[in-house]
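The values are calculated or read from the model by the stated rules, or taken from the named source; none is laboratory data. From a predicted model like this one, the values you see are computed outputs, not experimental measurements. In this analysis, Cβ positions are derived from the backbone assuming ideal geometry, glycine residues included, and neighbour counts consider all displayed protein chains. Heads up: the accessible areas ignore ligands, DNA and RNA and are worked out on the full protein's heavy atoms, side chains in. Shrake-Rupley method; radii C 1.70, N 1.55, O 1.52, S 1.80 Å.
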Amino acid sequence: MRNTHATELLFQLSKPGRRAVRLPDCDVPPRPCHELVPAAWLADAPPPLPEVAEPDLVRHFTNLSTLNMSVDTHFYPLGSCTMKYNPKRNERLASLPGLADLHPYQPEDTLQGLLQLLFELQEMLGEISGLPAVSLQPAAGAHGELTALMVAAAHFRAIGQRRTKVLAPDTAHGTNPASARMAGFEPVSVKSTPAGLVDLDDLDTKLNDDLAVLMITNPNTLGLFDGQIGQIADRVHGRGGLIYLDGANMNAILGIARPGDFGADMMHFNPHKTFSGPHGGGGPGAGPICVTDELAAYLPAPVVGFDGQQYYLDDQRPKSIGRVRSFFGNVGVLIRAYCYIRTHGSEGLRAVSENAVLNANYLLSLVKSVLPVPQGDGCMHEFVASAARLKKEKGITAMDLAKRLLDYGFHAPTVYFPLTVPEAIMIEPTETESKETLDAFAQTLIRLTEQASDALHDAPQTAPVSRPDEVQAARKPVLRWNAD
């Protein structure tokens with residue numbers, strides 16, 4: 001029997017008069033909507049919402065959830081997004097009433113436990129990064145990038161310099177140039193060498209008095225640590241610019257290398273990637289930033305302070321760029337990150353990165369014979385393989401492989417990024433996956449390269465929707481349900 005609850009929309013299940021809840025009569029005198037809401041904001045008619053009974057509603061969403069992939073149900077080899085399993089104990093701890101039931105408008109003397117937690121998190125992030133001044137406000141990694149670039153802009157205004165350009169390698173995450181543009185700078189791309197590292201000669205041609213910031217990910221999106229980072233920082237600092245470290249790949253260097261020690265002036269953390277917290281589904285997120293003492297005055301206010309007796313929210317920061325998010329950040333995610341760091345300790349965090357690097361190199365060694373890795377035989381936490389040879393010999397693309405993996409119970413890896421690798425397949429196993437899982441994934445990936453191209457072109461074959469026209473979906477999205 002076909003499970004209609006999982007394949008049909010609620011609108012298709014709707015029958016007039018059915019309901020999942022019956023609300024009590026209003027216990028206050030009713031008033032017409034037009035007396036409470038301006039007429040310009042009122043619709044001519046109620047929205048055509050679906051009418052379904054409670055069993056239909058529950059079955060629909062329960063069965064729909066079984067069609068999803070998640071870190072709790074599947075292996076996510078999702079390069080550059082560090083989709084690792086997050087401990088359930090952190091979820092429980094963040095849900096404790098003494099944390100979850102607090103309100104940010106409570107008096108500070110009733111929030112001392114939470115403020116102590118956030119203060120200690122600031123201290124820990126400062127120690128891990130080597131950058132002592134921290135703001136927990138930003139709501140995501142890209143928001144952290146934007147906030148840090150706003151801090152940089154405030155710094156240059158304060159010292160009377162007008163700098164207009166932000167450099168980023170051509171392997172950078174797409175958010176880097178976007179954040180630069182939103183912060184009022186002109187993004188400029190820096191070329192990479194065939195080995196996947198920053199081309200120092202090209203960098204030199206773009207270093208001038210207009211330079212504000214170089215944004216760099218290290219390890220980069222090819223999974224390579226750029227050992228030139230000291231030289232790069234010296235050259236940028238020599239022209240009066242700042243170094244921004246995109247912290248998306250910090251899962252590879254925890255307790256091993258600190259961005260502040262190798263030249264970074266600013267960085268962000270992705271707590272959901274590096275530490276613990278929900279990832280995906282649109283949020284919630286957090287993107288704390290860490291900066292040097294020289295830039296500390298410009299951080300968003302408030303930051304959490306401690307006067308030796310009491311923790312407090314420091315709003316007295318005249319040079320601050322101002323608030324970038326409501327209250328003092330996404331506290332629920334930050335609590336999870338705090339729990340993760342406290343659970344592991346300094347030695348445990350280093351072990352996290354060592355195992356992430358070990359797993360990535362082990363997986364690379366298993367698949368490189370069928371999917372070559374152009375940038376070498378070793379990597380940090382992730383690697384970028386290429387299906388270019390497979391495409392030439394059998395007509396099988398990176399997208400074909402990614403879609404076919406879904407039929408075998410593996411989430412698709414990132415494909416076609418970075419753009420510097422043809423038919424790129426970006427794979428990151430993380431430290432939380434077992435050798436058995438990595439072996440099974442590698443064996444499946446190798447088996448797929450041996451299948452007939454038709455089987456891969458039609459994949460996925462087990463999903464309710466196989467392969468929609470993604471270009472048309474992007475250009476002509478259907479945003480409104482038409483009952484007809």
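Using the 2.2 N^0.38 Å rule of thumb for compact globular proteins, work out how the range 356-476 stacks up: its C-alpha Rg over that value, please.
Normalised by 2.2 N^0.38 Å, the Cα Rg of the range 356-476 equals 1.05.
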Evaluated at q = 0.20, 0.29 Å⁻¹: base-10 log I(q)/I(0), Debye formula over Cα of the range 82-145: -1.12, -1.17
Projected area, mean over directions - the range 419-465, Cα convex hull, nm²: 5.2 nm²
Calculated [θ] (222 nm, deg cm²/dmol) that DSSP helices of n ≥ 4 give over the chain, each run adding -39,500 (n - 2.57): -11000 deg cm²/dmol
At 0.890 mPa s and 25 °C, Stokes D of the chain from Kirkwood alpha-carbon radius, µm² per second: 98 µm²/s
Inter-site label distance for MET182 and VAL21 at 7 Å from Cα along Cβ, in nm: 3.3 nm
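Could you do me a favour and compute the accessible area per residue for the range 226-293, 1.4 Å probe, result in Å²?
Spelled out: the 1.4 Å probe surface of the range 226-293, per residue, equals 27 Å².
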Aspartates and glutamates whose Cα lies under 13 Å from that of LYS165, excluding same-chain neighbours fewer than 8 positions away: GLU186, ASP209, ASP210
Apportionment of accessible area to carbon and sulfur, the chain, percent (1.4 Å): 54 percent
The range 197-325, Rg to Rh (Cα coordinates; Rh as Kirkwood inverse mean 1/r): 1.01
Aspartates and glutamates whose Cα lies under 17 Å from that of LYS319, excluding same-chain neighbours fewer than 8 positions away: ASP293, GLU294
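What helices in the chain pass both tests, a Cα length along the helix axis of 24 Å or more and a mean Kyte hydropathy of -0.5 or higher, using whole DSSP H runs?
The qualifying helices are 112-129, 141-158, 331-367.
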Residues listed by number, the range 421-436, amide nitrogen under 17 Å from GLN451 label point at 7 Å toward C-beta: none
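Quick one: accessible area per residue over the range 332-422, 1.4 Å probe, rounded to a whole number of Å²?
Per-residue accessible area for the range 332-422 comes out at 40 Å².
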log10 of Debye I(q)/I(0), alpha-carbon scatterers only, for the range 335-384 at 0.15, 0.20, 0.21 Å⁻¹: -0.51, -0.68, -0.71
Accessible area expressed per residue, the range 61-116, with surrounding protein chains retained (probe 1.4 Å, Å²): 57 Å²
Per-q log10 I(q)/I(0), the range 28-122, q = 0.22 Å⁻¹ (Debye; single scatterer per alpha-carbon; no solvent): -1.10
5 Å-binned pair-distance histogram of the range 245-380 (Cα, whole percent): 2, 9, 13, 17, 19, 16, 11, 5, 4, 3, 1, 1, 0
Two-site label geometry, ASP234 and SER466: point separation in nm, points 7 Å out along Cα→Cβ: 5.9 nm
Percent antiparallel among DSSP beta bridges (both partners in the chain, rounded to 5): 50 percent
Nearby aspartates and glutamates by direct alpha-carbon distance to LYS368 (threshold 12 angstrom, same-chain neighbours under 8 apart not counted): ASP377
Accessible-area value, CYS33, 1.4 Å probe, nucleic acids and ligands omitted, Å²: 90 Å²
